[in-house]
1. In whole percent, and with a 1.4 Å probe on the protein chains, what portion of the accessible area of region 259-382 is carbon and sulfur?
2. For region 259-382, with only Lys/Arg (+1) and Asp/Glu (-1) charged at the beta-carbon, what is the dipole magnitude about the Cα centre, in debye rounded to 20?
3. Cut-off under 16 Å on the C-alpha distance; same-chain residues fewer than 8 positions from Lys130 excluded. Which aspartates and glutamates are left, in chain and number order?
4. Provide the per residue accessible area, probe 1.4 Å, for the chain, rounded to a whole number of square angstrom.
5. Any idea which of Ala224, Thr266, Ile277 is furthest toward the positive side of the dipole for the chain, if Lys and Arg beta-carbons carry +1 and Asp and Glu beta-carbons -1?
6. Cα to Cα, under 13 Å, and not fewer than 8 places away if on the same chain: which aspartates and glutamates meet these conditions relative to Lys189?
7. Could you pull out the pairs from Lys52/Lys97; Lys270/Lys299; Lys52/Lys148; Lys274/Lys308; Lys274/Lys369 whose alpha carbons sit more than 23 Å apart here?
8. Among DSSP bridges having both ends in the chain, what percentage is antiparallel? Round to the nearest 5.
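The values are calculated or read from the model by the stated rules, or taken from the named source; none is laboratory data. Everything quoted here is computed from the prediction, not taken from an experiment. For neighbour counting, all protein chains shown are included, and Cβ atoms are generated from backbone atoms with ideal geometry for every residue, glycine included. Quick note on the areas: whole protein, heavy atoms, side chains included, nothing else; ligands and nucleic acids left out. Shrake-Rupley method; radii C 1.70, N 1.55, O 1.52, S 1.80 Å.
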Amino acid sequence: MHEDIMAQPANRPVFAPWNDPNEKPLIQFKNVTKKFGEFTAIDDMTLNIYRKEFFALLGPSGCGKTTLMRMLAGFETPTKGTILLDGVDIAPIPPNKRATNMMFQSYALFPHLSVWENIAFGLKRSDMPKEKIPARVEEMLKLVRLEKFAKRKPHQISGGQRQRVALARSLAKAPKLLLLDEPLGALDKKLRQDTQFELMDIQEKTGTTFVIVTHDQEEAMTVASRVAVMDHGKMIQVDTPDRIYETPNSVYVADFIGDVNIVEGTATPKGDGKVAIAWAEGQPEISASIAEGVAPGTKVHFAIRPEKVAISSDRPEGKANVIEGTVHDIAYLGNISTYKVEVAGGRMIKAQVANDRRIARRDISWDDKVWLSFTDTAGVVLLN
Ligand code: ATP
């Protein structure tokens, strides 16, 4: 019995419609450009989003995330290119007739209406027969676990509860696509984390496709089936959270998501999918794996996450890469410690250690001589 339960997750089909050539995308951006005067906010973008996806848009301020959402919602029209929803060009369809809904960061609840009335509001203005509305509102209240709060006004409930009312209201008309602009932005960190799981749960229960804009990369990595990292109106990488983190396609993405060490160097192919990277005079070259072939002498960036770098007082045996350095700084964060280590040429490399033991590596201190080590598959070699 116990074994059966344990076996279940492995048997669960992997959700990856983007890998299935027979799967039709729900949303298709085809060479979409959006200009504001001379300024290009979205630059020749082609992108597919699939049914039931939880798709996150990430990128620095001004990279075009909101513009992309507003085009889907119908508040902006593309300057060039087409957007299809379920195979149909949405350009001629006004916002209120689209099978999309947008939930704003401010929630935009009506302060004088009760929770119940807020959720019913959109339904009353829709084609839904009047007698069906109460049942739908009740269903939505149950979905967001607010049955007991139906009669309260927005100012009589908490921020997290208001967020759930806004979500219920957005989902009441069963849109094919829900656009969420910083949906958890108004919540504090702890509540935000709890609400992320709730949001995922509700998304899964309703089977609605969610597109979310967030500034919080951890949030995007937690909730999303795929993450799009944008820059200057272009998609730099669209991938699953683990691939974005483990195999970024560029220095930009590696640097944008999480903490990373980036070392510049010159690569020499060594066969067997390996390269040797010369990075500092008099230092042993870094041995790393590489997916594609490179010409000898190619300038590359080697990116490695701090948690993939081990730190020790004694020189470790049997590691592909060993670098000597001096501890410059230590940041103790409770569950993890980060050591900033100065290596050849004054470069800094960070090593992160999980404090799983109570007295975590207290033997390493400021100004100590240490050894950093990592395997040859721990980092990625980036060509751009
Ligand atoms: P943020 O994270 O700060 O919300 P964003 O990625 O959502 O940023 P957008 O709001 O999509 O960015 O804006 C993209 C670019 O287009 C910005 O440089 C912005 O100044 C510009 N822009 C957006 N709307 C207009 C407009 N109506 N007129 C002129 N420029 C605009």
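1. Working: 3170 of 6680 Å².
Heavy-atom surface of region 259-382 belonging to carbon and sulfur, 1.4 Å probe: 48 percent.
2. Values: 15 positive and 17 negative charges, 50 e Å.
Roughly 240 debye, rounded to the nearest 20.
3. Glu117, Glu138, Glu139
4. Here the residues of the chain average 53 Å² of exposed surface.
5. Working it through, the farthest residue towards the positive pole turns out to be Ala224.
6. Counting by Cα, and skipping residues close in sequence, Lys189 has these aspartates and glutamates nearby: Asp216, Glu218, Glu219.
7. On the way: Lys52/Lys97 21 Å; Lys270/Lys299 15 Å; Lys52/Lys148 29 Å; Lys274/Lys308 18 Å; Lys274/Lys369 29 Å.
Result: Lys52/Lys148; Lys274/Lys369 exceed 23 Å.
8. Taking every DSSP beta bridge within the chain, about 80 percent pair in antiparallel fashion.
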